[in-house]
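Below is one structure, written out as structure tokens; the observations come after it.
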Amino acid sequence: MRPAPIRTTCAYCGVGCGVLASARDGRVRVKGDPVHPANFGKLCGKGQALGETVSAKDRLSYPLIKGERASWERALDHIAGRFLHIRETHGPDAIAFYLSGQLLTEDYYAANKLMKGFIGSGNVDTNSRLCMSSAVAGHRRAFGEDVVPGVYEDFEETDLLVLAGANAAWCHPVLFQRFEAAREKRGSRLIVIDPRKTATAQAADLHLPLKPGSDVALFNGLFRFLCEEGAADESFIARSTADFEKLLPLLGARETELAHVAARCGLEENLVRQFFTSVLENERWVTGFSQGINQSSRGTDKVNAIINCHLLTGRIGRPGMGPFSITGQPNAMGGREVGGLANQLAAHLSFEPEAVEKVGRFWNAPSMAERGGLKAVDLFEAVHEGKVKALWIMATNPAVSLPDAERVRAALEKCELVIVSDCMASSDTLSYADVALPAEGWGEKDGTVTNSERRISRQRRLQAAPGEARPDWWALTQVARRMGFGAAFPYESPADIFREHAALSGFENKGERLFDISAYADISDAGYDAMTPFLWPVRKGDKGKAAAGGRLFADGKFAHEDGRARFLFLEDAPPVHGANDDFPLLLNTGRLRDQWHSMTRTGAVPRLMSHVKEPMLYCHPEDMAAFGLSPKGLAEAATRWGRGLFRVAADGGLRRGEIFIPIHWTRHMSAAGTVGALVNPVTDPHSGQPEFKHTPMRVTPVRPVRAGFYLSRNAFEPEGFDYWARVPVAEGELFYLAALEDAAPFARLEEEARAWRGDVLAVEDKARGTFRRVLLEEGVPVAAFFSGPAGSVPDPSWLSGQLGKRAEGAVRQALIAAALMDPAQGGPKVCSCFGVSEKAILAAIAAKNLSSVQAVGAATQAGTNCGSCRPEIAALLERAFMKEAAE
Ligand SMILES: Nc1nc2c(c(=O)[nH]1)N[C@H]1C(S)=C(S)[C@@H](COP(=O)(O)OP(=O)(O)OC[C@H]3O[C@@H](n4cnc5c(=O)[nH]c(N)nc54)[C@H](O)[C@@H]3O)O[C@H]1N2
Ligand SMILES: Nc1nc2c(c(=O)[nH]1)N[C@H]1C(S)=C(S)[C@@H](COP(=O)(O)OP(=O)(O)OC[C@H]3O[C@@H](n4cnc5c(=O)[nH]c(N)nc54)[C@H](O)[C@@H]3O)O[C@H]1N2
Ligand code: SF4
Ligand SMILES: [Mo]
């Protein structure tokens, strides 16, 4: 009999979609959970591929000490012993934890409690510092607590969605599609504020390609405009806010005049006026914001500049209105609830003496930290300086994801004791681990996560973890016990931890902390197992869905002691480092549709690698001409902090002078495509969040002496190549290769391939310097190596798809050309759900005279599943239409 599917939550973004999953014979199948209130059955491409990422392949399956297999007993004893010794000799602040929004709340709670109550330091920080900390600081300044007031329904019930610094079509696809579906019925407007013309901007009614870093000026201008047009809600301001008068100077200032704002933001006046007027005219107005706002040296000010405008108009806490921080990771919110950030204590309490006393009493803790600890960038600096001697990294890859990543690597290299808990066998950070601990991954671990709208859902175990992998909370609990804190760490299950966390949220909380889930403090194990998704707060005694549809601040009462929200006076200032003669361009970094961060999981799924295969550098076509770059050529990018090698592609949707590089490539996936090494380590003064989106840079074309690709079913290490990029394909791996000055690595591989025996297809043209070999076994291609002068090597996409498949007739003949003449094949994959390429879509548009995204879907299936490629299909339609018009 087929077992009933298990309800769980997606491992990826902060939308927090419900998943119905079943595991059988080691295979996990997933589909959207039709009753989960975040997604009602939908999943995006990454979510649909979850099953393909749960496997025993390439997993870390037992503990390692200095690279050697060790028992858990030994590894845990070693860690506890070293912690005790370091604490004794250098004090508690010489130890630190660096955690992640991809941990479960229970893991996070145990880590935070161990460090802040028992080891006695505030040094617990998390990758949420890189992600959400400006939103946290902005919420705390304005509202008095880190609270997202709205719910997802607000995206459906709004008349105007402004997305600022958020590429939701790619990064929060299911939420974006919820908006799009409602927009079709309601006719709501979408305005996108982003220097780049993203897929989201392509779907917008209005796109403001503002100068990076100028958001405060824009929203200050909006504030003045709304005041002048009489949109201020005076009774709300009087009843529910404070410090309005601090903003009066904005009203007469030259800087907030519309013309001045337009010039400062590098926008046409007319665009700015349309944006301002739309806000004026639409009471139901939501501003969704993400990393274009948060990851800035003015991130917190940007957040408050947005909130100011919502407070001014009283458009907050009501249906279809409000500022909405769209969180990144599946449990970024849960981490914020337990105190995962170094400047929060626990359960939304900060380090005020009464709070420290209160939590100390609740935990019965012997050595409470009395002040906040080091924030991520400072933490790694302290590791570098030798002040922090032991660092436990859990579920994050800082060697890739922190700014100035080379310095981070140097810090990890020097650190006395680096412990890394990960579920995968190799990551750039794991290479620095003194102790590596195997963690349960998605589908194996069990606990809770909180999504962007404050909804807590269960992630549930589908199958056992491979080898000796254990939950992260378990490893933490075991270390705590070995350090002598067993009485406070009696946990045997995640439910034990969740109950304590829920109890702490309600402990001596008479409503001053909105984060309160004390209704769950006594939940039974069976109740925890059966838990259905719910929005917080749910206080003891509360029943059913919270009032006001789950929105907070609906009553006009905020979390500051006097119940009033705060206006903040914010001065516009440019990013810290501006372009200069040496570094005339600006580097912007962010995400691609089908990859998740450092690719440890999505990078192994061929389907998800088919959208973009190499570490790309996107550049405006006119800048390409100005800097001598050619499409598909290679370029060296350099900043004051580091350098890298990337494949160039034109993107007319960029502003002149700005470069975009995706964040996903690591040293495991490429020779030098890790963009973190180039990013300046500047941080926001309030939140400590890095300025990931703005680093002065230069770019120089490089012309390889030789280029090629290697395709194989067997493992291959691309040694000696200046440029390489690894691409998993259905039956093996593909490597793009290039040598800049010395072609010796190619000569070596050519020699090897010449020695292939048996069924070998070969073409070699000594005069032109081209070399091609395909090796077959029993009619099945098993390896191929093509090389030649740069530009002479064919695209390997089609050939990659033939690896491991029997090749006969025309296909066999086509192998050595790496191309079978089929006009419907090739070009980048637009729809990864159904594998439909750009060429196939363009061909269908032309052949059948298609004019809508729906029609393309009906003809090719593209865009009919998760929908996250619909903006790209729309752009292809536009392109086809423009071409037709020009002809
Ligand atoms: N496919 C995919 N989805 C993801 C993730 C992933 O890795 N892959 N990661 C998840 C995580 S952890 C996060 S945090 C979210 C991030 O989600 P997003 O924030 O939506 O994604 P990013 O691509 O980082 O950046 C958003 C946009 O900010 C713009 N931007 C840059 N500078 C400025 C500026 O000065 N002002 C404004 N207004 N905009 C600017 C960039 O051009 C970029 O398009 O995505 C989540 N979802
Ligand atoms: N230049 C630039 N840099 C950025 C950003 C940017 O926009 N630009 N964005 C920043 C943001 S918003 C974020 S969120 C970060 C993300 O950056 P990271 O957190 O460094 O990225 P991930 O690849 O998600 O790393 C997660 C690691 O945890 C492992 N893992 C997964 N599940 C588990 C588990 O249950 N337990 C354990 N122990 N390990 C697990 C994975 O295999 C992987 O190695 O990057 C930041 N860095
Ligand atoms: S939108 Fe986010 S949570 Fe939903 S399926 Fe996609 S990645 Fe997972
Ligand atoms: Mo993030």
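The values are calculated or read from the model by the stated rules, or taken from the named source; none is laboratory data. This one's a predicted model, so the numbers in the text were calculated from it and none came from an experiment. Glycine also receives a Cβ, built like all others from the backbone with ideal geometry; neighbour counts cover every protein chain displayed. What goes into the accessible areas is simple: the full protein's heavy atoms, side chains included, and nothing from ligands, DNA or RNA. Shrake-Rupley method; radii C 1.70, N 1.55, O 1.52, S 1.80 Å.
Filtered by the rule that a residue be under 33 Å from the mean Cα position of the chain (by Cα) and away from ligand 1 (no atom under 16 Å from the Cβ), the range 83-103 gives F83, P92, D93, A94, I95, A96, F97. Counting residues in the range 448-467 that are in a helix (DSSP H, G or I), at negative phi and within 30 Å of the chain's Cα centre (by Cα) gives zero. The set of residues in the range 95-132 being aliphatic (A, V, I, L, M) and either in contact with a strand residue (DSSP E or B) (Cβ under 7 Å, 6 or more places away or on another chain) or near ligand 2 (Cβ under 10 Å from one of its atoms) (or both) consists of I95, A96, L99, L103, L104, A111, M115, I119, V124, L130, M132. Checked against the criterion of being open to solvent by 20 Å² or more (accessible area, probe 1.4 Å), modelled with pLDDT of 95 or more and of a type in the set (G, A, S), the candidates G484, G511 yield just one match: G484.
Could you grab me the full set of residues in the range 385-414 that are among the hydrophobic types (A, V, I, L, M, F, W, C) and surrounded by fewer than 21 Cβ atoms within 10 Å (Cβ to Cβ)? Hit for the range 385-414 is A410, nothing else. Here E719, E691 are screened, and the one residue that is open to solvent by 20 Å² or more (accessible area, probe 1.4 Å) and out of contact with any Phe, Trp or Tyr (no Cβ under 8 Å at 6 or more places or on another chain) is E719. Exactly one residue out of D58, D25 is touching a residue at least 12 places away in the same chain (Cβ under 8 Å), more than 16 Å from ligand 1 (Cβ to nearest atom) and open to solvent by 60 Å² or more (accessible area, probe 1.4 Å): that is D58.
Total residues in the range 598-625 satisfying the condition of being more than 16 Å from ligand 3 (Cβ to nearest atom), in a loop (DSSP other than H, G, I, E, B) and in contact (Cβ under 8 Å) with a residue 40 or more places away in the chain: the figure is 5.
Can you give me the number of residues within the range 40-54 that are open to solvent by 20 Å² or more (accessible area, probe 1.4 Å) and either assigned by TED's automatic domain parsing to the domain that holds R591 or not in a loop (DSSP other than H, G, I, E, B) (or both)? Residues in the range 40-54 being open to solvent by 20 Å² or more (accessible area, probe 1.4 Å) and either assigned by TED's automatic domain parsing to the domain that holds R591 or not in a loop (DSSP other than H, G, I, E, B) (or both): 3 in total.
Taking the stated definitions as given, is Y152 of a type in the set (S, T, Y), in the same structural domain as L349 (by TED's automatic domain parsing) and either within 16 Å of ligand 2 (Cβ to nearest atom) or touching an Asp or Glu at 6+ places or on another chain (Cβ under 6 Å) (or both)? Taking the combined requirement at face value, the residue does not satisfy it. Every residue in the range 345-372 that is in contact with a Ser or Thr (Cβ under 6 Å, 6 or more places away or on another chain) and under 17 Å from V136 (Cα atoms), please. Scanning the range 345-372 gives a single hit, A347.
For every residue, the table says whether it meets (1) assigned to a helix (DSSP H, G or I); (2) among the aliphatic types (A, V, I, L, M).
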| site | (1), (2) |
| --- | --- |
| E73 | yes, no |
| D77 | yes, no |
| L84 | yes, yes |
| E88 | yes, no |
| Y98 | no, no |
| Y109 | yes, no |
| L114 | yes, yes |
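Could you tell me whether any residue of the range 77-94 is among the β-branched types (V, I, T), open to solvent by less than 10 Å² (accessible area, probe 1.4 Å), closer than 25 Å to E468 by Cβ and more than 16 Å from ligand 4 (Cβ to nearest atom)? Scanning the range 77-94, I find at least one residue that is among the β-branched types (V, I, T), open to solvent by less than 10 Å² (accessible area, probe 1.4 Å), closer than 25 Å to E468 by Cβ and more than 16 Å from ligand 4 (Cβ to nearest atom), so the answer is yes.
Is it fair to say A638 is of a type in the set (A, V, I, L, M, F, W, C), open to solvent by 30 Å² or more (accessible area, probe 1.4 Å) and either free of Cβ contacts under 8 Å to residues at least 40 places away in the same chain or assigned by TED's automatic domain parsing to the domain that holds H597 (or both)? So A638 does not fit the description; no.
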